[in-house]
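The values are calculated or read from the model by the stated rules, or taken from the named source; none is laboratory data. Just so we're clear, the structure is a prediction, and the values are computed from it rather than from any experiment. With ideal geometry, Cβ positions are generated from the backbone for all residues, glycine too; neighbour counts draw on all protein chains shown. Keep in mind that these areas ignore ligands, DNA and RNA; they rest on the heavy atoms of the full protein, side chains included. Shrake-Rupley method; radii C 1.70, N 1.55, O 1.52, S 1.80 Å.
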Amino acid sequence: MKNEQHNQLFFTSKLFNCQRYLHNLVAYFILFGSGLIIGISLSFYLKDLPNTLQNKLFYPQSPQQRPTYTPIITTSPQIPLDLTDNSIINNEAKSVGRIGLRDYLKPPKSCKHDMKDEELIWRASMVPRVRVLPFKRRPKIAFMFLTRGSLPLAPLWERFFRGYEGLYSIYIHSQPFFNGNAPEEGPIFHGRRIPSKSVEWGKFNMVEAERRLLANALLDLSNERFVLLSESCIPLYNFTTIYNYIMNSTKTFTESYDLPSPVGRGRYKKKMRPWITLDQWRKGSQWFEVDREIAIDVISDQKYFQLFKRYCKPACYSDEHYLPTFVTMRYWWKNGNRTLTWVDWAKGGPHPTRFIRTEVTADLLSRMRNGTKCEYNGEPTDTCYLFARKFLPSTLDRLLRFAPKIMKFG
């Protein structure tokens, strides 16, 4: 009897618990369903809320109080707003001539623009995600001249460039006070001066000018290699030799070395730590050659650029340290660690030797061309320098005379 009562109580208790569980489950379903319905309703209401608020705020109920609104039409007035008819578009395109990708990518004939440096660098730093162009094009070398005024050796460079249009681009950064009067410069230099700012020897604005040249040259997507030159530089070989040498190189050319002396490590500033350490500090020639990847990274750099701008001031010369340090830190594996521009520092001092007319001889040019041993694509060579400086304007006539015989152009 007791067992039966116990079983009955146990069964009743289980039944009660089961009923309570079912009641709770039903309640949860009701709450969940109600919340879902409320959420869906709110979503539809909130979806139109901005428009409702906008209408209430900006469009009063009285039609007389509503402001008049004239839509801005960005399409051509000759093309109807309804662009569903492809024949209209095709006829319009035929009437103005097709604007294809090749035409769109063509750089402007003039380097003039009204962009500020910040706008220019932002625009030039854009990189296509698709690296391969959908058509074939010949890569170009950007020859970037950092000058005070005109190019006194322009006739020599004109002979160098003659016949190779489409394989090079020219960019000139002159002092702002230069009025552009350069009768010695031929047509290939016309319109090639970029918007410039003042540059002082030894100051950080020298690096800013280099970045300005790089940014302008990067606007042309066909430029793959970038060479920095001065108004006193000359080419030591013909265009074909220099073009093939640079384009076929597996390395870029930025001189960079560790110099344990007052004019090397002695210029390092401890405040640059920990971003730049003494072991990472490098020195090198200002005259560089880089590829497009490095050029984009240089103009996009803010961290190291700002460090040098703040701490590397005379007698720390940024143009001798910024790029050598930056390239060694980030691209040591692709840098040839040498410059392509021959310079004579034998006389010592802060400036290299300047060559006058009587010093320009066949022997001097031959020594610049083949008097050094180096490595090119893993093989030893005596073709180490493609350019040389510093040549005064008085040397032009002799250089023009030697160009066909020694440099093989002209």
For this session: Please report, in Å, the Rg and the Dmax of segment 254-410, where both are computed over Cα atoms only.
Result: 17.9, 54
Exercise. Which FRET efficiency value, to the nearest 0.05, is calculated for THR361 and ARG330 with the Förster distance at 45 angstrom and r the Cβ-Cβ distance?
Worked result: 0.60
For this session: Would you grab the residues whose amide H sits under 5 Å from the one on ARG193? Only those 5+ places off in sequence or on another chain, please, with H modelled 1.01 Å from N.
Result: CYS111, ILE172
Seminar exercise, completed: Treating every alpha carbon of segment 201-295 as one equal point scatterer without solvent, the Debye formula yields log10 I(q)/I(0) values at q = 0.15 Å⁻¹ of -0.79
Seminar exercise, completed: Non-local residues with an amide H under 5 Å from the amide H of TYR376, with H modelled 1.01 Å from N and Pro and chain starts lacking one, are THR381
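Just how large is the dipole of segment 105-228 about the Cα centre, in debye to the nearest 20, putting +1 at every Lys and Arg Cβ and -1 at every Asp and Glu Cβ? All intermediate terms of the calculation are to be shown ahead of the outcome.
Working: 21 positive and 13 negative charges, 110 e Å.
In total the dipole reaches around 520 debye.
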Seminar exercise, completed: Straight-line reach check, LYS390, cutoff 19 Å on alpha carbons, 8 or more apart in-chain or any other chain, hits among lysines -> LYS347
Problem set entry | Hits among aspartates and glutamates - C-alpha to C-alpha of LYS109 under 12 Å, sequence gap 8 or more where chains match | ASP220
Exercise. Setting aside same-chain residues fewer than 8 positions from LYS408, which aspartates and glutamates have a Cα under 19 Å from its Cα?
Worked result: GLU158, GLU165, ASP363, ASP382, ASP397
Exercise. Highest mean first, what order results for 102-110, 195-203, 150-158 on Cβ atoms within 10 Å?
Worked result: 150-158, 195-203, 102-110
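Rounded if a/c is under 1.5, else prolate if a/b is larger than b/c, else oblate: which is segment 340-409, with a ≥ b ≥ c the root eigenvalues of its Cα gyration tensor?
On the way: a/c = 2.51, a/b = 1.25, b/c = 2.00.
The shape class here is oblate.
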Exercise. Separation between the LEU167 and GLU200 pseudo-spin-labels, each 7 Å from Cα along Cα→Cβ, expressed in nm?
Worked result: 4.2
For this session: Quick one: pull the percent of accessible area on segment 225-269 belonging to carbon and sulfur, 1.4 Å probe, ligands and nucleic acids left out.
Result: 54
Seminar exercise, completed: Amide H proximity to THR252 below 5 Å, modelled H, separation 5+ or other chain, gives ASN335, GLY336
Exercise. How large is Rg/Rh for segment 178-337, to two decimals, with Cα atoms and a Kirkwood Rh?
Worked result: 0.98
Seminar exercise, completed: Flagged as over-length at 21 Å C-alpha distance, from LYS203/LYS271; LYS116/LYS270; LYS116/LYS136; LYS116/LYS269, the pairs are LYS116/LYS270; LYS116/LYS136; LYS116/LYS269
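Give the relative contact order (percent, whole number) for segment 340-409; include only Cα pairs under 8 Å separated by 6+ residues. Display every interim value, and only then the final one.
On the way: 83 pairs, mean separation 26.6, N = 70.
For segment 340-409, the relative contact order is 38 percent.
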Exercise. How long is the gain from LYS271 to ASN377 if the chain were fully straight, where each residue apart is worth 0.36 nm and the alpha carbon distance is subtracted?
Worked result: 34.4 nm
